[in-house]
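Okay, so here's the structure we're looking at.
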Amino acid sequence: MMRQAVFSILAVGALAACEPLEMPDEGEGAAAYAANCAMCHGPGGRGDGPLASDLGTAPQDLTRLSAEKGGTFPVNRVLSYIDGYTRQGRDDVEMPEFGLLLEGPSVPVETGEDVFTPTPRPLAALLAYLESIQR
């Protein structure tokens, strides 16, 4: 009996792992943005949020990320900055770390040259939204 239960659990897990991953879209990312970023970066991502004037450093205009990199959206740079990797040990950065964006199931995000990096779904959704607001 125990052997059948273990086999059943393993079979269900294997089937779940075979399900195709549904990538988040910018709509899901817009909700993450509104909850985590808009107070400083503004509702449109231009760095003009209600808390922007209270900060020592003006929030970045997030609609210009691609333009600043020659028209290519800087996936790796954005992911590293949001997850705190490129901000470690720096005292001049006022952007908080976002633990909830770094939790949950992972989805594969293409980070360039057909390389896919497992990324927490909420962070991948935010990335999709930020890419959608580039001008």
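The values are calculated or read from the model by the stated rules, or taken from the named source; none is laboratory data. As the structure is a computational prediction, the values presented were derived from the model and not from experiment. Note that we place each Cβ from the backbone using ideal geometry, even for glycine, and neighbour counts take in every protein chain shown.
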- Item | Tally, over the stretch 67-82, of residues that are over 22 Å from Gly99 (Cα atoms) and buried (at least 17 other Cβ atoms within 10 Å of the Cβ) | 0
- Message: Condition (residue is free of Cβ contacts under 8 Å to residues at least 40 places away in the same chain and surrounded by fewer than 17 Cβ atoms within 10 Å (Cβ to Cβ)) applied to the stretch 120-127: is it met by at least one residue?
- Response: no
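Out of Asp48, Asp61, report the one residue that is of a type in the set (Asp, Glu), in contact with an Asp or Glu (Cβ under 9 Å, 6 or more places away or on another chain), closer than 17 Å to Met95 by Cα and free of Cβ contacts under 8 Å to residues at least 12 places away in the same chain.
Working: Asp61 fails: free of Cβ contacts under 8 Å to residues at least 12 places away in the same chain.
Selected residue: Asp48, the only one of Asp48, Asp61 that is of a type in the set (Asp, Glu), in contact with an Asp or Glu (Cβ under 9 Å, 6 or more places away or on another chain), closer than 17 Å to Met95 by Cα and free of Cβ contacts under 8 Å to residues at least 12 places away in the same chain.
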- Message: For the stretch 18-51, which positions are surrounded by 14 or more Cβ atoms within 10 Å (Cβ to Cβ) and of a type in the set (Asp, Glu)?
- Response: Glu26, Glu28, Asp48
- Item | Top-ranked residue of the stretch 97-119 - restricted to ones that are surrounded by fewer than 19 Cβ atoms within 10 Å (Cβ to Cβ) and hydroxyl-bearing (Ser, Thr, Tyr), ranked as modelled with the highest pLDDT | Ser106
